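We did not get these values from a lab; they are worked out from the coordinates using the rules stated. Keep in mind that what you see is a predicted model, and the values were worked out from it rather than measured. In this analysis, Cβ positions are derived from the backbone assuming ideal geometry, glycine residues included, and neighbour counts consider all displayed protein chains.
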Amino acid sequence: MVVFAVVLAAGFGGAGLAKLVGAAPLAAARGHLGLTVSLWRIVGVLEVLGAVGVLVGLGDGFVTIGVLAGAGLTAMTIGATYYHRHAGDRFVEWLPAVVMGSVAIFYVITRVGTA
């Protein structure tokens, strides 16, 4: 479970921060996906909050925070998959969303199972 939390925190935290600072490669992706700058920043904030939430959720007494953060990150990856499919991207281009969504699901399951 800790491994899943660290992977989620690193992946979503890094991606969220990159969105918030306007990293050039992600700005190009934003345009390709047809998202507004405002929505892109909201996604970045939610990714960072989700990353923090899964780490906080590792603590005793904070299981609910971790589970909700993991569920939120899972929902984010479903949205990302939708936008990639809608943009006509190939599977390999939206595979990271599927992988991270799977990690988020495993985190939620293991966090609930070890509570």
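Summary table below
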{"quantity": "Gap separating the Cα centres of the stretch 30-52 and the stretch 61-115, nearest whole Å", "calculated": "15 Å"}
{"quantity": "nm² value of the averaged projected area, convex hull over the Cα atoms of the chain", "calculated": "6.4 nm²"}
{"quantity": "Among 4-10, 85-91, the order from most to least packed when residues are scored by Cβ within 10 Å on average", "calculated": "4-10, 85-91"}
{"quantity": "Estimated distance in nm for a label pair at I78 and L17, the labels positioned 7 Å out from Cα along Cα-to-Cβ", "calculated": "2.9 nm"}
{"quantity": "Potential extension, A28-T64 segment - 0.36 nm per residue separation minus Cα distance", "calculated": "9.4 nm"}
{"quantity": "Potential lengthening between F106 and I42 on full extension [0.36 nm per residue; Cα-Cα distance subtracted]", "calculated": "20.6 nm"}
{"quantity": "Label-point separation, A87 to V56 (7 Å along Cα→Cβ), nm", "calculated": "3.0 nm"}
